[in-house]
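Input: a single structure, listed below in structure tokens.
The values are calculated or read from the model by the stated rules, or taken from the named source; none is laboratory data. Keep in mind that this is a model prediction, so the values were computed, not measured. Note that we place each Cβ from the backbone using ideal geometry, even for glycine, and neighbour counts take in every protein chain shown. With ligands, DNA and RNA removed, areas are computed over all heavy atoms of the protein, side chains included. Shrake-Rupley method; radii C 1.70, N 1.55, O 1.52, S 1.80 Å.
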Amino acid sequence: QFAFQENEIKLLTAEIERLKNFGCLGVSPSLEGLRDENAKLKYRLNFLKKSLQEERSKSTKSMININSCLQEIFGAAIQAAYPDLENPPLVVTPSQQPKFGDYQCNSAMGISQILLKTREQKVIPREIAEKIAKNIPANDCIEKVEIAGPGFINVHLRKDFVSKQLSSLLINGVQPPAIGKRKKVVVDFSSPNIAKEMHVGHLRSTIIGESMCRLFEFAGYDVLRLNHLGDWGTQFGMLIAHLQDKFPDYLTVSPPIGDLQAFYKESKRRFDTEEEFKKRAYQCVVLLQSKNPDFIKAWNLICDVSRREFQKIYNCLDITIIERGESFYHEMMKDIVKEFEDKGFVQVDDGRKVVFVPGFPVPLTIMKSDGGYTYDTSDLAALKHRLCEEKGDILIYVVDSGQSVHFQTVFAAGQMMGWYDPKVTRVAHAAFGVVLGEDKKKFKTRSGDTVRLIDLLEEGLKRAMDKLKDKERDKVLTPEELKAAQTSVAFGCIKYADLSHNRLNDYVFSFDKMLDDRGNTAAYLLYAFTRIRAIARLANIDEQMLRKAAREEVLILDHEKEWKLGKCILRFPEILQKILEDLLLHTLCDYLYELATTFTEFYDSCYCVEKDRQTGQIVKVNMWRLLLCEATATVMAKGFDILGIKPVQRM
């Protein structure tokens, strides 16, 4: 990662030597100019050397992304072999089979096609691969390369390099690779509606959004977590009118609204059937929007009841989020309409003010015929605020796939207005599919109602306790440990079942599958984790002894299963980098499952603790293997943390 800076240092050093020679030979440029240029170059050289040292000291604690290192090495080799080739393909991937080495560079085939198309040169990929291999610069991670088949370059890593990286991980903990400039990320997720209960449809946005925030925070970004609540609009007119009728003294006595969902349904029924009530509801909207203090108080009372209910869910799922609902942007909306009008983008259609965005057939409605604003207006106001006021470098909207066209249109409108340049600022809709029942239809209760999220979480707790009692865990765990295991399994399984599926697809919600302790489930991984953590404990090796060993022991990776596990552990930064790019969290779940199964292979083949078969006494502790156990658990713990799953020491 320092190749560019090192190269510049070499060039500057050579330039300083050249200028010295000018001076020695007495060539004509003015001596003053020469000294000036020399001083500038020396200053730049010292600055680069200093910054390189600083970056190096910072990065010694970071985990190295081996794939990125290899890409730099092969990028330099391809550049040296084919200096005139613009943007040559750079393809480095982990090998699928040990006989093909540890990684593969598969660029030769692509380069062969480019040479044929652009220069009409027919060069067989194998020759290209050999030329690339000859130009690989000196490095400390590659043991050897082999050319295989039509032109694959198989890469074998050095054992001492892998061993050193594992030791660094054990000493420094799981540290993310350096990201350069600290960027600001704004994540819009969860976003339920006031006066309506959170249902299973909010589950995915809440879980996926929280996990994305945790990942970006771990990677060193400045993350703003926003809850774009539906807390403004015409529905509040009927809710306030109903509140006035049902609790006339609401201004002095806090109304005991126990079931806000029922309250909402009652007001909606009256709005649909009572003409007088409907008229009054519209008057209430006008008074609310004109900021009448009594109506603002009524609005706040209704919002507070919802907030308390939402917070119960967020506490269960360990969600951290800042409320910034539609009402926050209300004052900005008239300026948004004016800005679009000033730029000549507004058309009037049947009294409505609409904006057609090139490439999108359906226009955005920024003002209704009655002068009211719409979701389109509030989403445009939110987009501009996040870009221009919050100065977001990356904006992520975790909202269901049904909103895809809407967000694409809003984002395109933002570009059209010049609010952001997609080459500089990343604005992404992290869309997701719906939650299905086991009948493959939209997940509903038996009566056909939407499943309330709080009911789902309570059912999860009940099922998790039943599972733990089936396994007779209640007989070996203390009541506190049993409770901790129950919440860890219940909420961990619900989160993992969601995150382990590609978010773009619909997924089937099944408690039986998610609580199964076999296969790629949280139950299996949590159990595997507690087993790994118990190995050192049962060998009477405490944390202090492990820390001392990490500094003193060399991790031997002679057994094929030790080698396989060591490489798997070090792929963690590659996995995280991929998710930062594509926002697909199931890749992390797949990796954790692969890590757990690779660990099982290692543990079955390599004795960590050797015991006397007769007495059961510990005869020998293979400390380097216990360190491999510790490295596995450390990476798993960080993976769980990113997914929002809380492991327990005993289960």
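Remarks
- Exactly one residue out of Asp517, Asp474, Asp506 is touching a strand residue (DSSP E or B) at 6+ places or on another chain (Cβ under 9 Å), of a type in the set (Asp, Glu) and assigned by the TED database to the domain that holds Tyr607, and it is Asp506.
- Filter result for Ser205 (under 30 Å from Trp624 (Cα atoms) and not assigned by the TED database to the domain that holds Thr632): no
- Of the residues making up the stretch 257-271, those that are touching a helix residue (DSSP H, G or I) at 6+ places or on another chain (Cβ under 8 Å) and not polar (S, T, N, Q) number 8.
- Tally of residues being under 18 Å from Glu323 (Cβ atoms) and charged (D, E, K, R) across the stretch 282-296: 0
- Condition check for Val399: buried (at least 18 other Cβ atoms within 10 Å of the Cβ), in contact (Cβ under 8 Å) with a residue 12 or more places away in the chain, part of a loop (DSSP other than H, G, I, E, B) and among the β-branched types (Val, Ile, Thr): yes
- Test: residue in the stretch 527-549 that is on the phi < 0 side of the Ramachandran plot, assigned by the TED database to the domain that holds Leu584, of a type outside the set (S, T, N, Q) and in contact with a strand residue (DSSP E or B) (Cβ under 6 Å, 6 or more places away or on another chain): yes
- Boolean, Phe356 is open to solvent by 40 Å² or more (accessible area, probe 1.4 Å), in contact with a Ser or Thr (Cβ under 6 Å, 6 or more places away or on another chain) and of a type in the set (A, V, I, L, M, F, W, C): no
- The listed residues are Ser62, Ser68, and the only one of them that is modelled with pLDDT of 80 or more, open to solvent by less than 80 Å² (accessible area, probe 1.4 Å), hydroxyl-bearing (Ser, Thr, Tyr) and within 20 Å of Ala138 (Cβ to Cβ) turns out to be Ser68.
- Lone qualifier among Ser290, Ser378 - being among the polar types (S, T, N, Q) and within 28 Å of Phe189 (Cα to Cα): Ser378
- Some residue of the stretch 491-513 being of a type in the set (Phe, Trp, Tyr), in a loop (DSSP other than H, G, I, E, B) and either over 23 Å from the mean Cα position of the chain (by Cα) or crowded, with 21+ Cβ neighbours inside 10 Å (or both): no
- Residue within the stretch 357-370 that is modelled with pLDDT of 95 or more, in a helix (DSSP H, G or I) and not hydrophobic (A, V, I, L, M, F, W, C) present: no
- On inspection, Arg571 does not qualify as crowded, with 17+ Cβ neighbours inside 10 Å, within 20 Å of Arg533 (Cα to Cα) and basic (Lys, Arg).
- The condition (being open to solvent by less than 60 Å² (accessible area, probe 1.4 Å) and modelled with pLDDT under 95) is satisfied by just one residue among Leu628, Leu555: Leu555.
- Check on Thr478, surrounded by fewer than 15 Cβ atoms within 10 Å (Cβ to Cβ) and of a type in the set (Val, Ile, Thr): yes
- Residue that is nearest to the chain's Cα centre (by Cα) [pool: residues in the stretch 472-490 that are of a type in the set (A, V, I, L, M) and in a loop (DSSP other than H, G, I, E, B)]: Leu477
- Being touching a residue at least 12 places away in the same chain (Cβ under 8 Å), more than 26 Å from Val635 (Cα to Cα) and loosely packed, with under 14 Cβ neighbours inside 10 Å holds for only one residue in Pro125, Pro150, and it is Pro150.
- The lone exception for Glu438 - which of (1) more than 26 Å from Arg182 (Cα to Cα); (2) surrounded by fewer than 13 Cβ atoms within 10 Å (Cβ to Cβ); (3) under 27 Å from the mean Cα position of the chain (by Cα); (4) among the acidic types (Asp, Glu) it fails: (3)
- Restricting Val162, Val174, Val187, Val155 to those that are buried (at least 17 other Cβ atoms within 10 Å of the Cβ) and either assigned to a loop (DSSP other than H, G, I, E, B) or without any contact (Cβ under 8 Å) to a residue 40 or more places away in the chain (or both) reduces the list to Val174.
- 1 or more residues of a type in the set (Asp, Glu): qualifying strands (runs of 3 or more DSSP E) within the stretch 72-150: 142-148
- Out of Ala549, Ala523, sole residue that is within 26 Å of the chain's Cα centre (by Cα) and outside any loop (DSSP other than H, G, I, E, B): Ala523
- In the stretch 408-423, the residues that are free of Cβ contacts under 8 Å to residues at least 40 places away in the same chain and in contact with an Asp or Glu (Cβ under 8 Å, 6 or more places away or on another chain): Gln415
- Considering Ala431, Ala413, Ala382, the condition of being modelled with pLDDT of 95 or more, within 30 Å of Met514 (Cβ to Cβ) and either outside any strand (DSSP E or B) or in the same structural domain as Gln283 (by the TED database) (or both) is satisfied by Ala431 alone.
- Tally, over the stretch 198-209, of residues that are at pLDDT 95 or above and open to solvent by 10 Å² or more (accessible area, probe 1.4 Å): 0
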